[in-house]
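J.: One structure follows; several queries about it will come next.
Each value in this text was obtained by applying a stated rule to the coordinates, not by laboratory testing. For clarity, every value in this text was computed on a predicted model and none was experimentally measured.
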Ligand code: G16
């Protein structure tokens with residue numbers, strides 16, 4: 001077997017976004033497209049000669065093809081050993097866990113997360129560092145620079161390997177170990193969560209539904225919930241990962257996980273409902289008759305994490321992305337721990353976790369995690385909830401309402417305007433930025449602007465500055481609107497508008513979300529002139 005140097009020319013669109021390079025499958029299928037990007041990553045990784053690399057993905061269409069290519073390129077680029085999930089599978093949190101446990105130099109994670117799959121769907125490639133988390137912007141920019149000037153890539157001309165069989169095989173001088181994608185992850189969960197208490201909960205007749213949306217978490221959820229914790233067979237639904245997610249849009253929110261919502265709001269709702277996304281890092285929590293916003297979920301987990309063995313000593317601090325509601329900050333204040341506010345993107349949590357400044361972190365986009373890995377972790381969040389439910393012995397909806405009664409409720413919604421003309425979206429943001437100086441003091445309907453800015457983040461650990469991370473508008477009436485453009489979309493631009501209002505009065509906590517937020521929505525629409533810039537009267541998705 002020989003190493004081939006293949007001449008190539010750059011593609012101009014290989015700049016990674018919020019979470020790696022995400023594009024439509026046909027874009028990735030262009031000749032040399034995948035190879036160029038992987039070569040640019042391998043060229044950027046320092047110390048790769050002889051090192052261990054992890055490779056795996058969420059099983060979406062094109063996953064195995066890219067795994068085979070990546071293996072041959074890893075061999076040609078001098079890696080010593082690759083750990084690859086059986087059938088090329090590894091959930092994103094499991095990849096992070098495997099990288100850390102086996103002290104790998106990093107990992108290639110193949111996923112477009114919650115975006116739809118299939119031949120016309122989305123695909124993605126990202127690199128995670130040795131701490132198990134997504135590469136920082138300094139790394140991804142270096143990858144982009146290389147990709148923009150690439151002239152050749154290296155690949156071993158070995159045949160495809162058998163990814164079905166667990167065990168070792170060689171490609172050139174490199175060892176490939178096909179591993180059970182679930183085992184290391186289960187072992188880690190056992191250390192953090194009181195499996196005995198959760199098993200007792202299921203023995204007592206507790207009923208739950210976990211909807212894996214035909215994506216990667218199915219095998220993990222079955223192994224843990226049904227096989228280890230004794231939940232009845234059938235607790236996990238849509239548990240077989242499919243290349244097109246069975247036509248599901250694997251985004252665990254009330255819109256896309258509608259079957260789960262219907263069940264949980266119906267007459268025979270089980271005690272607890274949960275879902276995860278395409279690559280297993282997101283989670284959705286639903287109590288009977290009550291969707292728990294990711295922002296509230298982070299706050300509640302922050303309140304009660306100490307009930308699980310992994311967090312029995314308490315939390316060092318908590319972090320949330322800027323557009324996430326401030327619910328967790330209120331809990332942090334009560335606990336006497338520090339709360340951090342980061343830009344959108346899991347990578348910003350890594351420094352805080354590595355420095356021991358925080359133990360938990362989370363985002364409004366259905367991501368919650370802790371210092372156990374350096375990715376958000378959907379199933380872990382569900383297990384921590386189960387641990388808390390098992391100890392508190394209170395219904396999930398009661399826990400949420402008690403939380404609101406104690407801390408106040410942050411009414412929250414997000415409006416997404418998808419597939420906008422990129423220029424129109426950029427113009428809207430530019431116009432908003434230009435207005436910032438004149439907004440304070442202005443009244444929009446029932447609300448008055450108190451302050452506004454374009455969020456800029458200074459990392460408390462390495463002091464790097466990340467500017468322009470979203471426009472924040474604070475209203476005097478304890479409400480907030482945030483505007484930013486998504487960094488994970490694959491066609492056109494997506495405008496995200498995050499809307500929230502704090503309500504301390506418990507007698508108002510059961511008001512409909514739409515009613516409480518109507519003045520904030522009106523003010524946000526007026527300030528950003530959304531209809532004028534985009535031609536849209538309604539958002540495409542409301543969560
Ligand atoms: C990724 C990032 C998250 C971010 C989310 C949405 O999640 O890891 O930190 O909140 O994208 O980003 P955007 O608003 O830019 O689309 P995932 O689950 O897609 O990897």
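J.: Return, for the Cα atoms of region 61-107, the radius of gyration and Dmax in Å, separated by a comma.
T.: Answer for region 61-107, Rg first and Dmax second: 10.8, 29 Å.
J.: Please report, in whole Å, how far the alpha carbons of region 252-388 spread along each principal axis, starting with the longest.
T.: The Cα atoms of region 252-388 stretch 45, 27, 23 Å along the principal axes, largest first.
J.: Oh, and also: Largest first and to the nearest Å, give the Cα extent of region 288-336 along each principal axis.
T.: On the principal axes, region 288-336 reaches 31, 27, 16 Å in Cα extent.
J.: What is the log10 of I(q)/I(0) for region 459-510, computed with the Debye formula using one identical point scatterer on each Cα and no solvent, at q = 0.14, 0.15, 0.22 Å⁻¹?
T.: -0.61, -0.67, -0.91
J.: In whole angstrom, note down how far apart the Cα centers of region 497-522 and region 203-230 are.
T.: 34 Å
J.: Using the alpha-carbon atoms, what tilt in degrees (0 to 90, nearest 10) does helix 137-147 show relative to the longest principal axis of the chain?
T.: Computed tilt is about 40 degrees.
J.: From the C-alpha gyration tensor of region 82-129, pull out the three semi-axes of the equivalent ellipsoid (sqrt of 5λ each), sorted largest to smallest, in whole Å.
T.: That gives 22, 11, 9 Å for the three semi-axes.
J.: Find the relative contact order for region 409-542 and round it to a whole percent, using C-alpha pairs within less than 8 Å whose residues are 6+ positions apart.
T.: The value is 37 percent.
J.: Okay, moving on. Which percentage, to the nearest 5, of the DSSP beta bridges contained in the chain is antiparallel?
T.: So the antiparallel bridges in the chain amount to around 70 percent.
J.: Based on the inverse mean of 1/r over its pairs of different Cα atoms, what is the Kirkwood hydrodynamic radius of region 26-71, in Å?
T.: Answer for region 26-71: a Kirkwood hydrodynamic radius of 11.8 Å.
J.: A further question on this structure: Take the alpha carbon gyration tensor of region 318-360, find the square roots of its eigenvalues, order them as a ≥ b ≥ c, and report rounded if a/c is under 1.5; if not, report prolate when a/b exceeds b/c, else oblate.
T.: oblate
J.: If I fit a long axis through the Cα atoms of helix 92-101 and take the longest principal axis of the Cα atoms of the chain, what angle between them do I get, 0 to 90°, rounded to 10?
T.: The answer is roughly 60 degrees.
J.: Output the antiparallel fraction of DSSP beta bridges having both residues in region 185-407, as a percent to the nearest 5.
T.: Bridges in region 185-407 are about 45 percent antiparallel.
J.: Still on this model: Sum -39500 (n - 2.57) across every DSSP H segment of at least 4 residues in the chain, then divide by the residue count to get the 222 nm mean residue ellipticity, nearest 500.
T.: -9500 deg cm²/dmol
J.: Can you give me the angle between helix 396-407 and the longest principal axis of the chain, using Cα atoms only, in degrees from 0 to 90, rounded to the nearest 10?
T.: 60 degrees
J.: Grab the eigenvalues of the alpha-carbon gyration tensor for the chain, scale each by 5, take roots, and send me the semi-axes largest first in whole angstrom.
T.: Each semi-axis is the square root of five times an eigenvalue, giving 37, 29, 20 Å.
J.: Can you give the Rg to Rh ratio for region 339-421, taking only C-alpha atoms and Rh from Kirkwood?
T.: Reported Rg/Rh, Kirkwood definition of Rh: 1.03.
J.: More than 15 angstrom separation, counting every C-alpha pair in region 177-219; what % is that?
T.: 62 percent
J.: Using the alpha carbons of region 409-542, what is the convex hull volume per residue in cubic angstrom, as a whole number?
T.: Cα convex hull per residue, to the nearest whole number: 131 Å³.
J.: Considering the convex hull of the alpha carbon atoms of region 157-300, report its projected area averaged over all viewing directions, in nm², one decimal.
T.: Computed as one quarter of the Cα hull surface, the answer is 11.1 nm².
J.: Another question about this same structure. Please compute the contact order of region 185-407 in relative form: average sequence separation of alpha-carbon pairs under 8 Å and at least six residues apart, divided by the residue count, as a percent.
T.: 21 percent
J.: For region 3-180, what percent of Cα pairs sit more than 29 Å apart?
T.: Summing the P(r) of region 3-180 above 29 Å gives 9 percent of all pairs.
J.: Report the Cα centroid-to-centroid distance between region 378-430 and region 339-362 in angstrom, as an integer.
T.: Region 378-430 and region 339-362 have Cα centres spaced 18 Å from each other.
J.: Oh, and also: Using the Cα gyration tensor of region 485-543, with a ≥ b ≥ c the square roots of its eigenvalues, what is the shape: rounded (a/c below 1.5), prolate (a/b larger than b/c) or oblate (neither)?
T.: Cα axes put region 485-543 in the prolate bin.
J.: Grab the eigenvalues of the alpha-carbon gyration tensor for region 377-486, scale each by 5, take roots, and send me the semi-axes largest first in whole angstrom.
T.: Working through the eigenvalues yields semi-axes of 34, 20, 16 Å.
J.: Averaging sequence separations of C-alpha pairs under 8 Å and six or more residues apart, then dividing by the length of the chain, give the relative contact order as a whole percent.
T.: Across the chain, relative contact order equals 13 percent.
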